[in-house]
Structure formats: C-alpha cells, structure tokens
1. Report, by chain and number, residues whose modeled amide H sits under 5 Å from the one on LEU281, excluding near sequence neighbours (fewer than 5 apart, same chain).
2. Cα to Cα, under 28 Å, and not fewer than 8 places away if on the same chain: which lysines meet these conditions relative to LYS621?
3. For segment 538-689, with every protein chain kept in place, what is the accessible area per residue (1.4 Å probe, Å²)?
4. For segment 561-624, state which trypsin sites (Lys or Arg not before Pro) are in a DSSP loop and have at most 13 other beta carbons lying within 10 Å of their beta carbon.
5. Would you work out which of ALA157, LEU344, LEU716 lies farthest towards the positive end of the dipole of the chain, given +1 charges on the beta-carbon of Lys and Arg and -1 on that of Asp and Glu, about the Cα centre?
6. Would you kindly find the accessible area of ARG109, with a 1.4 Å probe and non-protein molecules such as ligands, DNA and RNA excluded, rounding to the nearest 10 Å²?
7. In terms of modelled amide H atoms, which long-range or inter-chain residues lie less than 5 Å from the amide H of LEU126?
8. Based on the alpha-carbon gyration tensor of segment 26-127 and its eigenvalue square roots a ≥ b ≥ c, which shape applies: rounded if a/c is under 1.5, prolate if not and a/b is larger than b/c, or oblate?
Amino acid sequence: MNSNLPHAGAGPRVLLRRLREIMAQPISAQQRLDNIVELIAANMVAEVCSIYVRRAGDQLELFATMGLKRGAVHETRLVIGEGLVGEIGLTAEPLTLTDAPSHPKFVYRSETGEDPYHSFLGVPVLKGGHVLGVLVVQNRMKRHYEEEELEALQTVAMILAEIMASGHLIHLDETVIDAQIFSMRPFRQKGIAFAEGVAMGKAVMHASPIKVANLIAEDIPAELERLSTGLTQLRKAIESMLSSADSSLSGEPRDVLEAYRMFAYDSGWARRMEEAVRSGLTAEAAVERVQNDTRARMSRQRDPYLRERLHDLDDLANRLLRILVGAPAHAELSQGAVLLARNLGPAELLDYDPALIGGVVLEEGSPNAHVVIVAKALEIPMVGMADGVLAHVNQGDRVVVDGSSGEVHLRPDAEVTGYYTAQIASHRHQRAEFAAIKDEPSITLDGQRILLNVNAGLVMDLPHLHEVGADGIGLFRTELQFMVSSTMPRLAAQKAFYAQVLEAAQERPVVFRTLDLGGDKILPYGKIRREDNPALGLRAIRLALSRPSLLRYQMRAFLLAAEGRQLNLMFPMVAEVSEFVQAKALLNLEMGRLKRLGQPIPAQVRVGCMIEVPSLAWSVKSIAAEADFISVGSNDLMQFFFAADRGNPQVSAHYDFLSPAILALLRHIVRECDAQGVPVSLCGEVAGRPLDAMALMGLGFRTLSMPPASIGPVKLMARRLHLGKLQAFMTDLIESPNRSLRPLLRKFAEKHRLPV
Ligand code: PEP
Ligand code: MG
C-alpha cells in the first residue's frame, strides 16, 4: 500500500461512527448522500466519491459526487452494462482497477470531468440480491485499493441500500425491489407446473422480509457474542428438526436435511459474518451483508445444482436473521393457505404443517429441486418459476395454483374463481372414483390385463404403492438416496434401504435401477468434472463402467438386500449391447463373490435393460437376447430422439410424444420384444397421462410405470377401454403424415367416452 495514502485504516469503525451521525441528522435523503460522499472521500483519501442510483429503464443516475463536476449530478446516466459503473450494475460484483481508462468497458463522459482519475474502486449497492445503485471512489494516481478498503466500501453500500430503498430518493415504483403494485386487480402469471393438483386459498408470504433496523454496532464484542449465540441456536434448531421423530415424512427428510445441516456448520460462512461484525456492523447487519453477496452470486449462477446449494445458504441466513431480531421462525398458516416464496428449501417446507398447505407458488426454483420431490410426496400442488408474482401479491389475497397448467391467479375474478371451483370439485369427485377402483385390477373391457406400476425413489414414496393400488414399483431411481445424502451411503445403509423398499412392497415386484448419475444428477460430495453437454456426457452406465467399484458396491447391496427374494435390476442409458453385457458380467462377479463367501443371495435375479438411447432401439433383437426384460425410458428417449433438452421448457414441450415418428419407433421395440418373448414396459412421465397411456396400450405395451398420482386416472381409462377397437383404429394411423396423432386419438377417446 502506498504510504502516503492512509487507507480506511482507523478504518471502517470510524467511518461507521460518522455515518451513524449522518444518518441521525434531520436532513433530506439527498443531503445525506451529499454528506456521505464527502465523508467517504475524506476517510479513504479519495479525490472522487460518487453515488449512482438505479432508476426506471435500467439507468444508473449520478445522484451525488465529491470530486466530479457538480453539474453532472442528475445529468449523467449510464444504462446497466454501460461503462464501468454499468458493468458493476450488470454483474453485481465489485470492480477494482489501477488504470480505469485502459479498461475496455471504460466510457468517458465529458460533463463529469473525470479525465484525470486513474484508479477506480466501485461496489454494487445490493438489497435482496438486486442492484439498487453503485458506489465509486476514484484517485488521480495509479494505486491499488486494499482489501479492507473494498470491505469498508461494501459496508457503506449496505447503509446506502437502506436510504435507496426508503423511497425518499426516488419514487418507490422505480426501485427494483419495492416496485410492488398493491393493486386490487386480478393478476395472472404462467409459471412451470412443478407438482400436480389445483388449490385455491389465501396467500401467505413464506418469509416477509426482515427489516434490519440497527446496522451499526455500538459494541463489537457484544455483537460477536450475539452472532455466535444466534448461530448456536440455529444449529440447535436444525439438529432438532433432524431428530424430530414425528416428521410427517418419516425418515426421509433426514437425508434431505443432512445436506442442509452441513451449511449451518460451514466455517467459511461463519467467518465471513464475523469479519463483517468486526468491520463495525451489528450481528444482523453482518448476516444481511453476507447474504447479499450470496444472493448476487445466486442470481448469476446458471448451474441449477449450485443455485440450489446457494439457496440453502440463503435460507439459513433468513433463519439466522429471524433468530437475531426475534421474529417468529415462519409464517402462521390457516387451513388451505397458499404459500408464496421466492424459493423454498425442503427443510423450509417441512417446517410447516403440510396438512395446512393448500399449494405453493415459487418465483424461482427448478422442477428437479428437492423441495419438488417433497411436495410431490406430500401431494401439494406447486407452481415454480412464476416470475414477478411476489411483486403483485398482498398477504391474504385469494390465490389459485394450477399445478397442471402452471398458472397462478392472484385475486381471480368471478369467472376464474367459478372455473377453478368446478375444477376442484371435479378433482374431488375423480379422487372418489379412483379410490373406488383402487383394489380392482386394471383390465380392459375386452379382458386384457394391464400392469400399472409406480415410479419411486425415496422412502416417502413407498406408502403410495398401496394407497393408489399399484401392481408394483416399475422404476426405483436409486440415485435419489445418494443425492439427498450429504455423504456417500455406505454398504450397510444401501442394503438396509433396499431391504426396506422390498419389505414395503411386500409381494409386489420392485425394479431397481442402478445409479443414474451425471447429467443434471450430481452428488453433493462427488467430484464434478465440467462437461459441455452433460446430458450427452459421462453419465449413468458409462460412468459406472468407467469406475466400476461404485456399481459393484451397489450391486452387492442389492444382492444382500434381496436375500431369498426376487431381485429385479436394470441399467440406465445403455447405448450399445456390449455395455449391457459388461454390466451383467460385473453382477455375475458379485454373485460369485457372495456365493464363495457363503453369504445369502436372492432366490432369483432378473436383469433388465432400459432403452433410453435411440441407438439401442435399433438393436432390440440383440439386447432382448441378453436381457430378462426391457424398460423404455421415454423421458430420455424423447430428448435424444428429437434432440430436445428435456429440462429446457422452450424445446421440451415443442415435440409431441404422440407423433407418428416416436410411436413408430415404440411399435418397433414392442414387436421385437414380443417376437422374442421378452417382457417390455415403459416408465417415462408420459405413461402417467391417460391419453398417452392409451396410445401405448394400443401399440402393445401391457406394463406401464408412472408417478403414483397417475395410477387412478390411467386405471379408470383402462377399465373403460376396448383394446381391440383401439388397436384396429391405430393400425394405419402411424403411417399418417400428421405432425401429431393427438387430435385423432382424443377423438377416439371422446367417442368411446374414455376419461383422458
Ligand atoms: C426416463 O428417462 O424415461 C426415465 C424413466 O428415467 P429418468 O427420468 O430418471 O431419467
Ligand atoms: Mg432416463
């Protein structure tokens, strides 16, 4: 550091004390900013200090300056992304430069007279992850700014955030976070359907934002103590959530919460908050300061898995804030409430009594998040990615959540209310119909038995098997146990888990799928190697064969768990027959090993292969000669067949499953399997949609596996279907030049009064 330049040295604390004085003065917000720029310039020995405020139209307007020409105030405006200030607005990251004019983003504004200044330090003013403004210091000479100076400026930025969000500088309508339109008019938003079902109820905000009133510490050691006590309390709360025996999800949330607990003990997080207190902030302001950084990182993070992890951290910060300011842990719910949140962690959802939640709306979230798995298991309708909903909702508003279409209605008018009241009544009626046939087999009118299985993966899915009257578990996604654990499940844990699944299924068959990792399924504890196209990368069976020890370990657990019973195993993402043969050879090695050791083994082992990659669809004859059964994974098969990312809503919904092309491919698979006498089933999401399931039956599928909630609707349809008539109707249909056969199949269903 340059010895002529006393840095924020006596430092942040003096600065904060002076700031407190400025904040306490009975002056206008504009005057406060003017005083603040003077104070910072003096404290940091900077020739320039300027504050830019974000206004409507994504403009950053110079609101106060010490050092630049006064005439530029309220004149100079930079759009987000323009110049160095705009760059900070865009990235929400600080920028430190020794020679600003040589930076490619530098733009010169003559009205400011900033030509002589070389060094530049700018930080975003953040609130709730949004950029409200930018704070900048500049020096004439080329110099380096120290880490402590950056820290000090970030702390000041927090205080500026309060001034900017107060509505005293610009109208609140213009600020990004508080532009809440408390309108009484209806508002409709289309998000993404995360969990099926429809709900109508009163809006409850998951976490009304905590207002941190005291930002500046009076007594730093006391604040450190408060922080440490708060952290201890937080950890205790999570421990007790983990050990709570009477959780409505018996056992499984524990795994989900384990990952969450890790963050509560994260020493890096605690250290960053302690540092913020040492710089002069109160404990709650320090939590918020670190949370702001996390949120800004979260908004830039594109990897959905890492976003989820950052969200866990954000959730913990909220809890800690509530503890520190003595706010209740979560909102009060009344029966049928619709919970609204920016995002929710699984633990947060489980904090509430699920019986009281009618539905959930998230502004963010992702369809594969853990909270969605939990919501589905609890049968709570959920819509996610409903952009802007929080800005339009008032606590207590009537809300409709449509977990089928992804629509959210706030303050619906009489027409929408009437429509959904009828929908809810009809759902209730349908549920009664499904319950009535729960113990009846799914047999078509012309006597064809169709086996309807469920897809499962967590302990919380198991009771559904009997509740919905399924014939078995057609797909058990074993990677879910691995994904919700914070460490790799040991052999004993794996074995116990698989044995528990077999016990729960009683006599009904279970098909376990070996680990389908890679792609978007990443382990919290695994090494992540970046791939440009993870869906086409080293995933599932490829990963398993390249590192066979994990697969062998899992096979051992399966074999031990199925002692004396039937074991059905299948391999995911097989692209060529030799991969299947290799995997089977590993299983034989494990079997041989257990026999040699005199360990108990299953009474029978059946080995199946998934067809999820189009190449294998053209080797059905060879694969059927090797496999005991075939299961078509239509989710992946569709994505590779149409080259359309299944996780990208922009393309995934574009191609119709009922297109002649994919139906022709499936017919080919069924025919080849039938010719070889090898059982074939289909276990993608489409199997759970009555019209699509009907088409599959028409093609010759006699076993389908689907989400538990779909068993009732599909069984009802199957029991009213005359399969012979459908087959006759479909014979020539596949040759049709139509883009989709959906309209024709729907007509058939309507004509025969099939509930689809
Ligand atoms: C599939 O791809 O259809 C399938 C059932 O597997 P997953 O959805 O787990 O990839
Ligand atoms: Mg798949």
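The values are calculated or read from the model by the stated rules, or taken from the named source; none is laboratory data. What you see is a predicted model; the values in this text were computed from it and never measured. Backbone-built Cβ (ideal geometry, glycine too); neighbour counts: all protein chains shown. Side chains are part of the model used for accessible areas, which takes the heavy atoms of the whole protein and leaves out ligands, DNA and RNA. Shrake-Rupley method; radii C 1.70, N 1.55, O 1.52, S 1.80 Å.
1. The list, which skips near neighbours in sequence, is ALA217.
2. Hits, sequence-local ones excluded: LYS584.
3. On the way: 6080 Å² over 152 residues.
Accessible area per residue: 40 Å².
4. Answer in residue order: no site qualifies.
5. Among ALA157, LEU344, LEU716, the one farthest towards the positive end of the dipole of the chain is LEU716.
6. Roll a 1.4 Å probe over it and ARG109 shows about 60 Å².
7. LEU132
8. On the way: a/c = 1.43, a/b = 1.17, b/c = 1.22.
The shape class here is rounded.
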